[in-house]
Amino acid sequence: MLIDIALDAVGTDKAPEAEIRGAILACRALPVRVHLIGPEAELRDLLDEHLENEDLPIVIHHASERIGMDEKAVHAVRTKKDSSMRVGLKLVRERKVAGFVTAGNTGAAMATAKMVLGTLPGVDRPALATPMPSSTGNPCVLLDVGANVDCKAHNLEQFAVMGEMYARSVLKISQPRVGLLSIGEEETKGNELTREAFPLLKALPIKFIGNVEGRDIFSGLADVIVCDGFVGNVALKTSEGVGRFVRDVLRESLTRTVTAQVGALLSRRAFNDFRRRLDYREYGGAQLLGVRGVCIIGHGSSNDVAIFNGIRVAYEFAKAGTNELIEAEFASRPQRVNGATDKPDAIIQ
């Protein structure tokens, strides 16, 4: 049985080429039906060119407007009522698709998702969660990585609940270890936000391991690491930059020092494995947790592989029913999660 996933076909820097190639890869490898959202005539011509009579479950939904990377999110969301993002997320709201994937303007994607889908009961602010590689081979979920620059302690408390639920349902970790990102392991270390959040996370019925430091993102010490969106985004972008730097230096060193043919082959295999573990394209994008529907947000520079993985993550997220599990988790213990509002956000048409 195919799972329907909507894809913003005009989100990436090289749209719609990357999106169409990624959709084709996904439909060949996964039990999904991809709904391309964008200018129908352009998409139809390009899709026909790439398919060459191959019959794949790909459909097109027309959207006459695109939100650019440099546009102010709230203004674009409210004025462009036929944008590819709004059309795609309406399909999620109407349950015509199980999830939405975009590599477009991050701020606009978050604002549109919050206004079109609304937040889950018990969630004040959605959070962007992304898996990070670790030395153990198992990813560590880092959230928030950019949805909320300024946070209050109860927001971090809610992020911890959502991240722990994500690790259990999608990563299949039976008892995820949850850490609070700070500048020291001691409970008294950190800024006002982390010191206020510490006792709230400690009181939750989760495996809270206390404060963790930046180096622990990759050590495997924690399965979920919680922080505000400013710190998380800096950590994410720094990690990507360091990954590219190490990859380039390693490639240069291998090229310069390896001369034997067998040695070169083995080193190349090891290098390719190393590159895949650090490549953001392999992870498919960040999941927007806390909205009433599956929404995956990727890099604007995403290529076809990244788009394929974004669709794969949306498929896995929808199949696991993570949103329903998070909602049930909040509903079962409202007294535990402070500051949440029972009043859902207004939905825009």
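Overview of results
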read-out	value
Of residues in the stretch 169-186 being in contact with a Ser or Thr (Cβ under 9 Å, 6 or more places away or on another chain) and without any contact (Cβ under 8 Å) to a residue 60 or more places away in the chain, the one surrounded by the most Cβ atoms within 10 Å (Cβ to Cβ)	Leu180
Identity of the residue in the stretch 14-40, of a type in the set (A, V, I, L, M) and assigned to a loop (DSSP other than H, G, I, E, B), that ends up nearest to Glu65 (Cα to Cα)	Ala15
From the options Lys90, Lys96, residue that is in a loop (DSSP other than H, G, I, E, B), of a type outside the set (Gly, Ala, Ser), closer than 21 Å to Ile307 by Cα and modelled with pLDDT of 95 or more	Lys96
Inter-residue pairs, beta-carbon under 8 Å, first more than 17 Å from Leu7 (Cβ to Cβ) and in the stretch 41-52, second surrounded by 10 or more Cβ atoms within 10 Å (Cβ to Cβ), 6+ apart	none
Within the stretch 192-232, tally of residues that are among the aromatic types (Phe, Trp, Tyr), assigned to a loop (DSSP other than H, G, I, E, B) and modelled with pLDDT of 95 or more	0
Of residues in the stretch 187-209 being touching a Ser or Thr at 6+ places or on another chain (Cβ under 6 Å) and buried (at least 17 other Cβ atoms within 10 Å of the Cβ), the one nearest to Val294 (Cα to Cα)	Thr194
Some residue of the stretch 5-13 being over 20 Å from the mean Cα position of the chain (by Cα), part of a strand (DSSP E or B), aliphatic (A, V, I, L, M) and under 25 Å from Ser301 (Cβ atoms)	no
Check on Arg281, modelled with pLDDT of 75 or more, charged (D, E, K, R) and under 30 Å from Lys96 (Cα atoms)	no
Any hit, the stretch 118-134, residues being at positive phi, modelled with pLDDT of 90 or more and in the same structural domain as Lys90 (by TED's automatic domain parsing)	yes
Criterion: touching a residue at least 24 places away in the same chain (Cβ under 8 Å) and surrounded by fewer than 24 Cβ atoms within 10 Å (Cβ to Cβ) - qualifying residue of Ala129, Ala98, Ala109	Ala98
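The values are calculated or read from the model by the stated rules, or taken from the named source; none is laboratory data. Predicted model, so just to flag it, every value in this text is computed and none were measured. All Cβ positions, glycine included, derive from the backbone under ideal geometry; neighbour counts span all protein chains shown.
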